[in-house]
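Report on the structure given below.
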Amino acid sequence: MKIIQIDVFAKHLPMVSGYNMSSSTVGDPDTTVVALRTDAKLTGWGEICPTGPLPQVEHAGSIRADLDLLGPALIGTDPLRIGLIHDVMAATMDGGQGARSAVDIACWDLLGKYHNERVCDLLGGARMDPVSTYHVVPIGSPDGSAQLAEQLQEQGHTKLQLKSGGRHIDEDIDAVHAVANVIRPGVDLFVDCNRGWTVGEAIQVSRACRDLKFDMEQPCATYAECATARTHLHHPLVLDESATDLATIARAISTGVADGFGMKLTRIGGISGMRAVRDLCEASNTPTSCDDSWGGDIIASACVHVGATLTPRLSRGAWISAPYQAGHYDEEHGPRIVNGMIAVPPGPGLGINIPEGLFGPPIASFS
Ligand code: 0XW
Ligand code: MG
């Protein structure tokens, strides 16, 4: 099989409800979609959608610039030989992890379509279907956060992530107590600060909440700060933004810095990279989620397919942004949360059908 054309699309994803975190409030994210057109008349779809330029290094403009470099280099290559695709991309540019990840996802979509297999089955088969997920409780008042937490548990959610940071830690501490007090038996709570606290603040929050059960996710800005904080915490520490590559992840596990991970496929190399993290976490008995920053049915399906293959007891859930945005690319099979779980799309590859013309004219094409 050969890639004969690559189309790049841009699409704003209108929000239907609010979403914030310590670094920024999310507003109409701008997604980038990659279509790999082949001589077998199959198209592979990939996607990457940062929430904006603050919560991570890459943003829509940098991703599209990276694809301008990668696109021409990939024409004529075989997308089924995913290792070689990564070699070509690595020989083209040193950076561009997000764009490379989107291409990787599109290659896995093609691999599944070619073999008439779902991506999760190419990865060893689903251990869960439907797949567990977690729902975010945005930064808000203690009472409002507790009310939302109760509603979400009524809807069947068994994993909640309370956003925190960006305000005085006394407000965070009050919100954590209020939400923790309504968490039911069997429901997991994560407190995710998205790098918003200093080491001292993280320690103070942990001490003030020492009798409450939750994972503390990415409390501080850097790996080093999280490592320092970890030695004083009363809570398991989950790395997200600082888990930037497999070597760092392995070090965080072997040195006891990370008790778990909040992983984003497009930070780590797409489905190929998340597969490696999955296997490392399984071998080291380390929980991980299987997420991305934001995006539509393409990236959501990729997260759910890999998430389905996680060992259930080590799964922190596969997160998707569907609850916060209007509509699906594939209204029938686009991933959605029902009773706190997400069904794996049934078709080959990512299992979703993208109507031609859905994204309008491409913003770039290579052939
Ligand atoms: C909940 N997420 C996976 C989606 C948002 O991009 C933030 C992120 C996180 O856990 O940091
Ligand atoms: Mg996180």
| task | May I ask you to give the solvent-accessible area per residue for region 122-342, in square angstrom, as obtained with a 1.4 angstrom probe? | result | 35
| request: In a Gaussian network model over the chain where Cα atoms closer than 10 Å are linked, find which of ILE354, ILE105, ILE299 has the largest mean-square fluctuation. | output: ILE354
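What FRET efficiency comes out for the pair THR198/HIS12, r = Cβ-Cβ distance, R0 = 30 Å, nearest 0.05?
Numbers: r = 35 Å, r/R0 = 1.16.
Approximately 0.30, to the nearest 0.05.
Which three semi-axes in whole Å describe the equivalent ellipsoid of region 197-350, each the square root of 5 times a Cα gyration tensor eigenvalue, listed largest first? Don't skip to the answer; put the middle values down first.
Numbers: eigenvalues 173, 58, 35 Å².
Working through the eigenvalues yields semi-axes of 29, 17, 13 Å.
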| message | What are the extents of the Cα atoms of region 116-164 along their three principal axes, in Å, largest first? | response | 48, 21, 14
| request: Kindly express, to the nearest 10 degrees and within the range 0 to 90, the angle between helix 199-208's C-alpha long axis and the longest C-alpha principal axis of the chain. | output: 60
| field | Backbone N within region 53-89 under 13 Å of label point (7 Å from ALA40 Cα along the Cβ vector) | value | 78-82
| region 80-159: Rg to Rh, with Rh as the Kirkwood radius over Cα pairs | 1.20
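Ranked from highest to lowest mean number of other Cβ atoms within 10 Å per residue, what is the order of the peptides 169-179, 40-50, 143-153? Present the calculation step by step, with values, prior to reporting the outcome.
Working: 169-179: 19.6, 40-50: 23.5, 143-153: 17.5.
Highest-to-lowest ranking by the protection proxy: 40-50, 169-179, 143-153.
How big is the Rg/Rh ratio for region 201-242, C-alpha atoms only, Rh by Kirkwood, two decimals? Numbers along the way, then the final one.
Working: Rg = 9.4 Å, Rh = 10.1 Å.
Reported Rg/Rh, Kirkwood definition of Rh: 0.93.
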| query | Using the Kirkwood formula over every pair of different C-alpha atoms, what hydrodynamic radius in Å results for region 1-113? | reply | 14.6
| note | Extension length gain for VAL182 and GLU282 (0.36 nm per residue less Cα distance), in nm, is 32.9 nm
| Taking the chain as a Gaussian network, Cα atoms linked when under 10 Å apart, which of LEU54, LEU265, LEU162 shows the biggest mean-square fluctuation? | LEU54
| remark: Taking protein heavy atoms only, a 1.4 Å probe, and rounding to whole percent, the accessible area of region 122-342 owed to carbon and sulfur comes out at 50
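What is the percent of Cα-Cα separations in the chain that go past 41 Å? List each step's numbers first, then the result.
Working: 6080 of 67161 pairs.
Every Cα pair in the chain considered, those over 41 Å come to 9 percent.
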| field | In range of the label at GLN5: residues from region 348-367 whose backbone nitrogen is under 11 Å from the point 7 Å along Cα→Cβ | value | 362, 365-367
| Picking from ALA202, ALA326, ALA229, which is most flexible by a Gaussian network model of the chain using Cα springs under 10 Å? | ALA326
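The values are calculated or read from the model by the stated rules, or taken from the named source; none is laboratory data. Here the structure is a predicted model, which is why all the values come from computation and not from measurement. Please note: Cβ atoms are built from the backbone with ideal geometry, for glycine as well, and neighbour counts cover all protein chains shown. All accessible areas refer to the heavy atoms of the entire protein, side chains included, with ligands and DNA or RNA removed. Shrake-Rupley method; radii C 1.70, N 1.55, O 1.52, S 1.80 Å.
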